[in-house]
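Shown next, in structure tokens, is the structure this report addresses.
Read-outs throughout are calculated quantities, based only on the coordinates presented, and are distinct from any laboratory measurement. This one's a predicted model, so the numbers in the text were calculated from it and none came from an experiment. Cβ sites come from the backbone with ideal geometry, for glycine too, and all protein chains shown count toward neighbours.
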Amino acid sequence: MKKVIIIGAGPAGHTAGIYAARANLKPLLYEGWMAGGVAPGGQLTTTGSVENFPGFPDGIGGSELMMMMRAQSINSGVEILTETIESVDLSKRPFIVRTADAEQQAEILIIATGAIAKRMRVPHEDDFWQKGISACAVCDGALPVFRNQPLIVIGGGDTAMEEAMHLSKFGSMVSIVHRRDELRASKAMQQRVLENPKIEVLWNTVLVDVKGDKALTHVILKDVKTGALRDHEAKGLFYAIGHNPNTEFLGGQIKTDGEGYIITQAGSTVTSVAGVFAAGDVQDKKFRQAITSAGSGCMAALEAEKYMIINPL
């Protein structure tokens, strides 16, 4: 039986591991293998350059940052297994986590499995992923490649409006592509967007393909009413159509919201199951940043340590 098992190897998981190891809790971290279609390290492994993580004034590659976090975890004493957790039993302590081939018991469980951005999966999308296509305007929008360039946002909710407003600080023009003739966003957010001279809304329009050379140069759009196709210049394409939290393996044993995000107590990583904590994007659908994930990973480890002292097995 392990004192602490951490599921997930993004900033939240590794930070939790580092703090737990320094507390002599001998944590075991399952980093998964292509869990949710993403390599160990999470969404940052799909990010070319990270310029907003403190300590790297010249920026750092997403994969490189995660390799450094992993190395620090190992140096701190974290045991890492490159296996994917397929199911858990949270009915009593010690908890049981199961991979395809084995199971392990844990006094404490920290879930840091993150969330995967929804994508349109148009034909040539993979060719330009992180070469003009992103799912995080806050993360990537300020990069030099997008400055003073035409940009596209896909979506019609508050998140899409927020992304468009952020991108309007950098791009020459931001076009919101929306399949309907009205937005789902709040009236206040709609008003801000519609009054911004650097933002336009392309109504009744869907994305059907992307093209370029070494990087994105154009998107192909379709009018849903007429079926007409047209090229639209775009050096940046940003998806703002939501995320899928990686919580299916929990089997409904932890309380989640309607979108599947784990519900935690306000200002805490405590979940509905005593002894189980959640950190990072799996419980945070508001900020979704590497630095906030790392912070919640720290919180989870500290709260786990305190819980074990008060509630020993």
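Couplings for segment 262-275, taken from phi via the Karplus curve 6.51 cos²θ - 1.76 cosθ + 1.60 with θ = phi - 60°, read 5, 8, 10, 4, 4, x, 8, 10, 6, 9, 6, 10, 4, x Hz in order; Gly and Pro are left as x.
Give me the Debye-computed log₁₀ of I(q)/I(0) at q = 0.10, 0.11, 0.12, 0.19 Å⁻¹ for segment 119-239, equal point scatterers on Cα only, no solvent, two decimals. Relative scattering, expressed as log10 I(q)/I(0), comes to -0.26, -0.31, -0.37, -0.97. Here the spin labels are modelled as points 7 Å beyond Cα on the Cα-Cβ line, and at D209 and A102 they lie 4.8 nm apart.
Ordering T15, H166, A278 by Cα displacement along the dipole of the chain toward the positive end leaves H166 in first place; charges were set at the Cβ atoms of Lys, Arg (+1) and Asp, Glu (-1). DSSP bridge analysis restricted to the chain gives an antiparallel fraction near 45%, rounded to the nearest 5.
The phi-based Karplus calculation (6.51 cos²θ - 1.76 cosθ + 1.60; θ = phi - 60°) puts the 3J(HN,Hα) values of segment 227-243 at x, 5, 9, 8, 7, 9, 5, 7, 9, x, 10, 10, 7, 9, 10, x, 10 Hz, whole numbers, x for Gly and Pro. Using equal-weight Cα scatterers in the Debye expression, the normalised intensity of segment 173-313 in log10 at q = 0.12, 0.14 Å⁻¹ is -0.72, -0.85.
Close amide H pairs (under 5 Å, H built 1.01 Å from N) link V50 with I60, G61, G62, residues at least 5 positions away or on another chain. Subtracting the Cα-Cα distance of Q72 and Q265 from 0.36 nm times their residue separation leaves 66.6 nm of extension gain.
Of the beta bridges in segment 119-246, as assigned by DSSP with both residues counted there, near 45 percent are antiparallel.
Residues whose amide H lies under 5 Å from that of I116, counting only those 5 or more places away or on a different chain, are N244, N246; hydrogens are built 1.01 Å from N in the peptide plane. Distant-in-sequence amide contacts of V201, defined by a placed amide H-H separation under 5 Å and a gap of 5 or more residues or a different chain, comprise I176. About the centre of its Cα atoms, the chain shows a dipole size close to 420 debye [charges on the beta carbon of Lys, Arg (+1) and Asp, Glu (-1) only; nearest 20 debye]. Tally Lys and Arg at +1 and Asp and Glu at -1 over the other residues with C-beta under 15 Å from the C-beta of M308: what net charge comes out? Net local charge, M308 excluded: +3.
Projected label points at A188 and T226, each 7 Å from Cα along the beta carbon direction, are separated by 3.8 nanometres. If you count Lys pairs in segment 119-239 whose Cα atoms are under 13 Å apart, skipping same-chain pairs closer than 8 places in sequence, the total is 6.
Which of G295, P144, G55 sits closest to the plus end of the dipole of the chain, meaning its Cα is farthest towards the positive end, when Lys and Arg get +1 and Asp and Glu get -1 on the C-beta? So the residue we want is G295. Across A117, A279, A160, mean-square fluctuation computed from a Gaussian network of the chain (C-alpha pairs under 10 Å connected) peaks at A117. If only the Cβ of Lys and Arg carry +1 and only the Cβ of Asp and Glu carry -1, the dipole of segment 119-239 around its Cα centre is close to 60 debye. Here segment 127-172 and segment 46-71 have alpha carbon centers that stand 20 Å from each other.
Strictly over 25 Å apart at the Cα level, which of K26/K306; K92/K286; K118/K255 would you flag in this model?
K92/K286
Membrane-span-like helices in the chain, defined here as complete DSSP H runs extending at least 27 Å along the helix axis by their C-alpha atoms with mean Kyte-Doolittle hydropathy no lower than 1.0, are absent; this is a sequence and geometry rule, not a statement about a membrane. Residues within the reach of a label modelled at M1 (point 7 angstrom out along Cα to beta-carbon, backbone nitrogen below 20 Å), restricted to segment 26-48, are 26-30.
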